[in-house]
Each structure stands twice: as C-alpha cells, then as structure tokens.
Amino acid sequence: MIQTEVTQLGACEHEVRARLPQVEYDRVYKEKMEQLRRRVRLPGFRPGRVPPHVLRRTFGADLHQQAVEELVRTHFAAVLDQSGLKPAVQPELILPDREASGEGFEFTLKVTTMPEIPLEDLAAREVERLRIEVEESDVEAVVERMMKNQSNFVPDDGRAAQEDDRLVIDFVGTIDGVPFEGGSAEQVRLVVGEGRFIPGFEEQLIGARAGDEVTVRVEFPDDYDAPHLAGRKAEFAVTVHEVARPEPWASVDELAQQLHFADAAELRAGVRAQLEFEAESIAYEANRSAVATSILAGRKVALPEALMQEQLRALIRDTRERMKQRGTPIGSDFFTDEVKAGMRERARNDLLFGLVVRALSDAGGIEVDEEGVRAELERRLARIPASERPAAEARIRGDKGEMERIRDLVHERSCIAWALERMAVREKVMTLSAWQEEADAARRAAEEEASGEGASSGSGGDAAAGGAQSA
C-alpha cells in the first residue's frame with residue numbers, strides 16, 4: 001500500500017519519500033469534506049446541502065491540510081518501519097503544498113540516524129582496568145574523623161561563638177540595600193570554620209552570642225556560580241538563635257546510636273559500605289572512560305548537528321533546573337560564548353559515550369538485569385542503618401525517575417563489563433588511601449597551575465550558605 005524510497009544524503013542523513021495511492025488520499029479528503037458539510041453554513045444553501053464543488057472552492061486548502069495531517073499521522077510509523085531507519089532525533093517532515101494530482105499522495109521525511117561504532121577489533125583494543133580496595137585502616141580513619149567532626153554539640157547560653165562552635169542563624173542578604181533571590185534563609189546550622197559559606201562570612205560571627213544581631217559584609221568571589229552575584233559586595237543581617245559548643249563523644253557506640261546505628265560494629269559496617277561504594281564508583285568512572293577512549297581511538301566519528309543541538313538543549317534544561325533547585329535561577333546571560341563552548345564539548349563527549357554503550361548493547365544483546373537492579377539497591381542501602389533501610393528502599397522504588405536512573409546505570413555497567421571481558425585488559429589495583437593521595441597531588445598541581453587566574457571558591461545553594469543548610 002505504501003511505497004517508500006530511501007536516499008542517503010550523508011553519513012547519517014537520509015531522505016525517505018513515501019507515496020500513498022490516490023484512492024487513500026481521496027478517501028480521507030472526502031471524509032473531511034463530509035464532516036465539514038454537516039456543520040458548515042453558507043448563504044444560499046440549506047444546512048448539510050452545500051455541493052462538493054462549492055466546498056472545494058471555498059475550503060479546498062483547509063480540507064487538503066486536514067487530509068494531509070491525518071494521512072501522515074496514520075502512516076508515519078509505518079513509513080519509518082518500512083525504511084529500516086532508526087531516527088536519532090525527530091525526523092523533519094516535508095509536506096506537499098497542493099492537493100494530490102491523481103498520481104498519489106507523497107510526503108518526505110528527512111531522517112538523522114546514529115553514527116555506527118564498529119566493534120570487530122574489540123579484542124585488539126587495550127584498556128587499563130582500575131580496582132580500588134578498601135582497607136580496615138581506611139574504615140578506622142573515617143570513624144576517627146567522625147568522632148572528631150560529628151561533634152555532640154551542646155547549647156551554651158551566654159557563650160561567645162568560637163571556631164568549631166555550631167550556630168543556628170537566620171540571615172537576610174541585600175545588595176545596595178535590596179534583598180536578592182537566594183540570599184535569605186532561616187534556622188540554618190553553621191559550624192564556624194568549616195568554610196561552607198562564602199569567604200569572610202563565618203569569621204564575622206566569632207564572638208556572637210545567642211540573641212545577637214550581626215551585620216556581615218562580604219564580597220562574592222569573581223568565579224561565583226551565579227553570574228549576577230559574582231564580584232558583588234553584599235550585606236547580611238544575621239540573627240543568632242543558638243551557640244553550641246562541641247563536646248567529644250564518650251565512645252564509638254555512643255556516636256553510632258546518635259546516628260541511628262545499633263552499635264559500633266554496625267556503624268563500621270556502614271562506613272565500609274560507603275567507602276566501598278565510593279571506591280567502586282571511582283573505579284567505574286575511570287574504567288568506563290578508558291573503555292570508550294580505547295574503542296574510539298583512531299576513529300573519526302561525525303556527529304550530526306541535529307544530534308548535537310538536541311543534546312545541548314538537554315544540557316541547558318538540566319543546568320537551568322539544577323540552578324533553580326539551588327535557589328539561584330539563571331537567565332540567558334549565564335550562557336556566555338565560553339560557557340556554551342564548554343557545554344558543546346560536554347555534549348559531544350556525552351554523545352560519543354552514548355554511541356559506544358549503544359554499540360556494546362546491540363553487539364551483546366544486553367538488557368537491563370533485574371538482579372543487577374536489586375544488587376545496586378542493596379549496595380546503596382548498605383550504607384545506612386539497618387533500621388532505616390525498609391523505608392529508604394520503599395522511597396527509592398516509589399520514585400520512578402530514580403528507578404529509571406538506576407536501571408540505566410545497571411545497563412551501562414553491564415555493557416562496560418561485557419566490553420572488558422573481550423578487550424586486552426591491564427589490571428591496576430590500588431588501595432583507597434593510595435588513590436586519594438594521587439588525587440590530592442593532581443588537585444594541588446591543578447590549583448598551582450591555575451593560581452595566576454585567582455583562587456577558586458566553591459559555592460552553591462543559597463547565596464550565603466553555598467548549599468550548606470544541612471545539619
């Protein structure tokens with residue numbers, strides 16, 4: 001019934017011409033005309049009695065448009081299926097601008113498909129597989145830090161705030177006397193000296209007591225992630241509700257129970273689960289990158305501009321939503337040429353990795369493994385107290401978006417594992433502490449290299465708190 005003709009315009013660009021029999025067009029056109037005749041009112045004609053030639057002369061263009069829309073809507077999927085093409089983005093539809101002339105009805109689709117990544121030489125591709133091991137000393141080091149940092153804060157009326165004290169505050173930020181979005185919050189917990197607020201904020205609260213009202217004057221860093229605040233001077237009216245001094249825990253058991261673990265043993269098990277989760281995540285990120293880099297090495301993959309634009313739009317949407325959730329909505333001025341260039345490079349990398357995963361999935365016939373989903377859930381839940389796991393699991397399973405992200409991750413990991421089983425693998429095993437030393441050295445080197453461009457300042461969340469409103 002449908003005739004299709006596919007013409008390749010480029011590596012990933014195709015034109016699909018579809019032709020339907022004239023009788024199919026005529027049938028739909030007449031149906032639309034009959035529907036119109038039943039409701040139209042024209043001078044000189046009784047309702048429902050307007051002759052077809054008058055309807056065609058008066059409403060021909062509209063009838064043609066309606067017929068075309070229904071024909072395309074009805075046969076669109078069949079045309080694509082018959083063409084054998086799998087669109088990467090929504091195909092561009094080209095419609096005729098006139099009625100069918102007796103030779104049938106035609107429409108054209110411009111289809112962009114995904115580039116293909118060949119895998120026939122997978123066994124010859126070399127890759128380094130990283131494995132990071134957690135030692136008992138890593139667990140004990142974290143427990144020791146928790147004993148020190150997860151202080152048992154005791155409110156102390158009349159105490160003048162000192163470094164390491166915890167304050168409960170409200171603040172209202174203004175610039176030139178005008179409050180700004182994201183600059184105000186209530187009942188915020190702040191530990192003096194942690195550096196979680198913008199530079200200079202915490203230091204000005206030393207000496208404050210409960211009930212005090214303090215004016216804090218700061219200047220936002222030039223590289224602050226909300227461009228409309230970067231480099232600007234602000235004033236915060238701060239009300240101090242509580243000053244609490246840190247008091248060390250008597251034992252690990254006491255700390256564990258405060259954190260809802262049954263005892264020290266369960267706390268240590270939770271810490272180990274968290275460290276192993278982090279170690280596995282770090283190693284996986286390195287391995288997925290190594291696999292993709294090895295597979296793509298020496299290949300020139302032309303990414304269609306339509307794909308790039310769609311990926312860029314998705315990145316921009318995600319950026320806007322993320323900043324909005326952090327209390328610092330952004331406008332179009334945020335996306336400078338420099339920012340867009342960086343986003344375009346990220347879009348390119350994301351697309352290339354997606355192509356690798358797609359190729360591996362197709363080659364291995366890999367589908368989402370529900371056992372893998374269950375194992376991933378258990379891996380996440382092992383980090384929290386056993387008493388809280390049933391509620392946490394129910395919350396995760398009830399979040400369709402989160403479950404979809406977990407399934408995507410499990411599928412992606414299965415694809416990378418399938419590739420590693422077939423590639424020329426060199427094993428690299430490190431302890432978590434050794435990896436951390438390497439990462440710290442690399443960070444210091446990067447900071448030294450960038451020191452001429454000004455010190456970096458992490459910021460996010462509320463303008464003053466940088467997202468540090470959690471206890």
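Normalised by the residues of the chain, what does the relative contact order come to in percent, with Cα pairs under 8 Å and at least six apart?
That works out to 20 percent.
Once Lys and Arg get +1 and Asp and Glu get -1 on their Cβ, which of Pro87, Ile175, Trp418 lies farthest toward the positive end of the dipole of the chain?
Of Pro87, Ile175, Trp418, it is Pro87.
Just to confirm the number: angle between the C-alpha axis of helix 52-83 and the first principal axis of the chain, 0 to 90 degrees, nearest 10?
60
Per-residue HN-Hα couplings for region 232-244, Karplus 6.51 cos²θ - 1.76 cosθ + 1.60 at θ = phi - 60°, whole Hz, x for Gly and Pro?
Result, ordered by residue: 9, 8, 9, 10, 10, 8, 10, 10, 8, 9, 8, 10, 10 Hz.
Hey, rough spin-label estimate for Arg49 and Glu345, points 7 angstrom out along Cα→Cβ, what's it come to in nanometres?
So the label points at Arg49 and Glu345 sit 7.6 nm apart.
Largest first and to the nearest Å, give the Cα extent of region 3-112 along each principal axis.
For region 3-112, the Cα spread along each principal axis is 59, 25, 19 Å.
When the dipole is taken about the Cα centre of region 3-112, and only Lys, Arg (+1) and Asp, Glu (-1) are charged at their Cβ, what size is it in debye, to the nearest 20?
880
Along the charge dipole of region 3-76, pointing to its positive end and built from +1/-1 on Cβ of Lys, Arg, Asp and Glu, which listed residue (Gln65, Val40, Pro21) has its Cα farthest out?
Result: Val40, furthest along the dipole toward the positive end.
How long is the gain from Glu371 to Asp263 if the chain were fully straight, where each residue apart is worth 0.36 nm and the alpha carbon distance is subtracted?
35.8 nm
What does the net charge come to around Thr239 if you take all other residues with beta carbon closer than 13 Å to its beta carbon, with K and R at +1 and D and E at -1?
Taking every Cβ under 13 Å from that of Thr239, the sum is -4.
Counting only the backbone N, which residues of region 220-244 are under 13 Å from the spot 7 Å out from the Cα of Val154 toward its beta-carbon?
In region 220-244, the label zone of Val154 (backbone N under 13 Å from the point 7 Å along Cα→Cβ) covers 244.
Taking 25 °C and 0.890 mPa s as the conditions, I'd like the Stokes-Einstein D for region 152-248 in µm²/s, using the Kirkwood hydrodynamic radius from alpha carbon pairs.
Reported coefficient: 178 µm²/s.
R0 = 56 Å: FRET efficiency of Met308 with Arg41, Cβ-based, nearest 0.05? Before the final figure, lay out each step's value.
On the way: r = 51 Å, r/R0 = 0.92.
For R0 = 56 Å, the calculated efficiency reads 0.65.
So if each residue of separation counts as 0.36 nm, and I subtract the Cα-Cα distance between Glu280 and Glu126, what length gain in nm does that give? All intermediate terms of the calculation are to be shown ahead of the outcome.
Details: separation 154, 0.36 × 154 = 55.44 nm, distance 2.11 nm.
So the chain would gain 53.3 nm between Glu280 and Glu126.
Of His228, Gln258, Ala439, whose Cα points farthest to the positive end of the dipole of the chain (charges on the beta-carbon: +1 Lys, Arg; -1 Asp, Glu; origin at the Cα centre)?
Result: His228, furthest along the dipole toward the positive end.
In whole Hz, what ³J(HN,Hα) sequence does region 311-326 give by Karplus (6.51, -1.76, 1.60; θ = phi - 60°), x for Gly and Pro?
Calculated HN-Hα couplings, in order: 5, 4, 4, 5, 5, 5, 4, 5, 5, 4, 5, 5, 5, 5, 5, 8 Hz.
In terms of Cα to Cα distance under 18 Å, which aspartates and glutamates are near enough to Lys148, apart from those fewer than 8 places away along the same chain?
Candidates past the 8-residue exclusion: Asp138, Glu140, Glu163, Asp164, Asp165, Glu194, Glu247, Asp253, Glu254, Asp263.
In deg cm²/dmol, rounded to 500, what helix-only [θ] at 222 nm does the chain give when every DSSP H run of at least 4 residues adds -39500 (n - 2.57) and the total is split over its residues?
-15500 deg cm²/dmol
Treating only the Cβ atoms of Lys and Arg (+1) and Asp and Glu (-1) as charged, compute the dipole magnitude of the chain about its Cα centre; round to the nearest 20 debye.
Around 3220 debye, computed over the chain.
Return the lysines within reach of Lys86: Cα separation strictly under 25 angstrom, same-chain partners fewer than 8 residues apart disregarded; answer none if there are no such residues.
Partners within reach: Lys110, Lys300.
Suppose the Debye formula is applied to equal point scatterers at every Cα of the chain; what is log10 I(q)/I(0) at q = 0.14 Å⁻¹?
Reported log10 I(q)/I(0), two decimals: -1.48.
With only alpha-carbon atoms in the gyration tensor, what are the semi-axes of the equivalent ellipsoid for region 192-262, in Å, largest first?
33, 18, 9
What net charge is computed for the residues neighbouring Val168, neighbours being all others with C-beta under 10 Å from the C-beta of Val168, Lys and Arg scored +1, Asp and Glu -1? Mind dumping the intermediate values first?
Values: positive: Arg166, Arg189; negative: Asp170, Glu186, Glu242.
Neighbourhood net charge equals -1.
Can you give the Kirkwood hydrodynamic radius of region 80-168 from its Cα pairs, in Å with one decimal?
22.3
Any read-out appearing in this document is the output of simple, stated calculations on the displayed coordinates, not a laboratory observation. Bear in mind that the values here come from a model prediction, so they are computed numbers and not experimental data. Don't worry about glycine lacking a Cβ; one is built from the backbone with ideal geometry, like all the others, and counts go over all protein chains shown.
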